[in-house]
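Encoded as structure tokens, the structure appears first; notes follow it.
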Amino acid sequence: MAASVRLLFRRLARLSHKNITSSAATVSRRPGCCLGPSSSRCISDTAEDRSTHFGFEKVPEAEKAKRVYKVFENVAQKYDVMNDAMSLGVHRLWKDMLLHVMHPQPGARLLDVAGGTGDISFRFLDYILYQQERRKRRAAASSQTPSWQDISDKYPTEDRPQESRAVVCDINKEMLKVGKQRADSMGITSGLSWVVGDAEELPFDDDQFDIYTIAFGIRNVTHIDQTLQEALRVLKPGGRFMCLEFSKVTNPVLAKLYDVYSFQVIPVLGEVIAGDWKSYQYLVESIRKFPDQEEFKGMIEDTGFFCVQYFNFTGGVVALHSGFKL
């Protein structure tokens with residue numbers, strides 16, 4: 001209920017801002033007239049006038065979200081198969097590395113934004129289970145000669161960690177539908193929930209999650225800065241932001257080969273496997289429009305995250321960015 005009320009207030013605030021902008025535009029009709037030296041936009045630049053990229057195509061901001069939704073609606077059923085085909089299975093290693101760097105502990109709460117078919121959340125729950133089993137084995141091994149810490153741990157306390165939980169949040173219902181089917185087939189019945197939500201306006205209260213992940217999703221949003229602000233808002237103090245995304249290849253030779261493969265092979269695979277050339281042409285183009293490693297790092301720092309760093313995988317084909325909310 002609190003989350004719904006908070007969401008309503010944010011929408012009203014945005015509507016109010018749009019009305020103020022419209023009123024100001026009526027007062028001054030001079031093209032290029034700005035509100036002041038600190039204003040980054042002119043009065044005549046209304047929401048309808050603003051544009052963004054959809055791949056290499058320039059489109060109105062209001063149109064991009066609809067077109068991206070259609071892309072993933074079209075590819076949802078073949079999404080995981082295409083990931084294997086496009087990356088030759090390497091995407092699995094990238095995601096495993098994300099969990100290795102994350103190193104979550106029992107009791108952690110994960111928000112997996114643009115989580116679609118559940119790859120990151122499934123890995124998170126498996127990793128937590130592994131950590132729990134590892135603790136049990138250690139406890140069994142030391143039960144004959146317990147330490148004071150082991151003895152104290154056996155006494156009940158009020159600060160026992162809560163159960164680990166992963167929340168998959170995606171704006172696309174078809175992607176979530178496929179994810180739920182995968183969870184059912186894998187026998188995952190607890191510790192996982194599915195939520196329809198927009199990365200730019202998350203349906204959660206402040207300070208709710210220990211870890212926020214977004215894998216191969218942030219380049220598809222209309223406003224990256226707003227998405228980062230929402231990530232900061234829903235994380236608890238001390239929480240960690242982690243973004244796995246295609247980035248800028250650092251090796252010139254690999255970069256040329258990667259370009260040839262991206263533009264001449266991936267759309268063909270999309271047509272053959274998923275029956276959809278255009279969607280995968282967009283996905284390739286969207287990678288080229290995304291900020292490089294250093295630029296994206298600066299955006300994360302500007303949002304308010306600390307200790308921001310990144311790790312290049314496969315020569316920069318993919319980068320993992322990480323930062324903390326303090």
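The values are calculated or read from the model by the stated rules, or taken from the named source; none is laboratory data. Quick caveat: nothing in here was measured; it's all calculated off a predicted structure. Here the Cβ positions follow ideal geometry from the backbone for every residue, glycine too, while neighbour counts run over all protein chains shown. Remember, those area values only see protein heavy atoms, side chains included, never the ligands or the DNA or RNA. Shrake-Rupley method; radii C 1.70, N 1.55, O 1.52, S 1.80 Å.
Tabulated data for the structure shown
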{"quantity": "Selection count where residues are surrounded by fewer than 15 Cβ atoms within 10 Å (Cβ to Cβ) and touching a Leu at 6+ places or on another chain (Cβ under 6 Å), scope the stretch 64-93", "calculated": "0"}
{"quantity": "The listed residue being farther than 30 Å from ASP206 by Cα and crowded, with 20+ Cβ neighbours inside 10 Å, out of VAL317, VAL253, VAL272", "calculated": "VAL317"}
{"quantity": "Odd one out for ARG30 among (1) assigned to a helix (DSSP H, G or I); (2) at pLDDT below 80; (3) open to solvent by 40 Å² or more (accessible area, probe 1.4 Å)", "calculated": "(1)"}
{"quantity": "Residue within the stretch 75-85 that is outside any helix (DSSP H, G or I) and polar (S, T, N, Q) present", "calculated": "no"}
{"quantity": "Pair list, Cβ < 7 Å and 6+ apart or interchain, from the stretch 260-287 residues that are farther than 15 Å from GLU73 by Cα to residues that are among the aromatic types (Phe, Trp, Tyr) and open to solvent by 20 Å² or more (accessible area, probe 1.4 Å)", "calculated": "PRO267/TRP277; GLU271/TRP277; VAL284/PHE263; GLU285/PHE56; ILE287/PHE246"}
{"quantity": "Condition met for VAL308 (surrounded by fewer than 19 Cβ atoms within 10 Å (Cβ to Cβ), without any contact (Cβ under 8 Å) to a residue 24 or more places away in the chain and part of a helix (DSSP H, G or I))", "calculated": "no"}
{"quantity": "So LEU176, is it more than 15 Å from GLN229 (Cβ to Cβ), touching a residue at least 60 places away in the same chain (Cβ under 8 Å), open to solvent by less than 20 Å² (accessible area, probe 1.4 Å) and not aromatic (Phe, Trp, Tyr)", "calculated": "yes"}
{"quantity": "Some residue of the stretch 105-117 being in a helix (DSSP H, G or I), closer than 27 Å to ALA65 by Cα and open to solvent by 10 Å² or more (accessible area, probe 1.4 Å)", "calculated": "no"}
{"quantity": "Every residue from the stretch 196-245 that is part of a strand (DSSP E or B) and open to solvent by 40 Å² or more (accessible area, probe 1.4 Å)", "calculated": "VAL196, ASP198, ASP210, LYS236, PRO237, GLY238"}
{"quantity": "From the options GLN281, GLN264, residue that is open to solvent by 40 Å² or more (accessible area, probe 1.4 Å) and in contact with a Gly (Cβ under 9 Å, 6 or more places away or on another chain)", "calculated": "GLN281"}
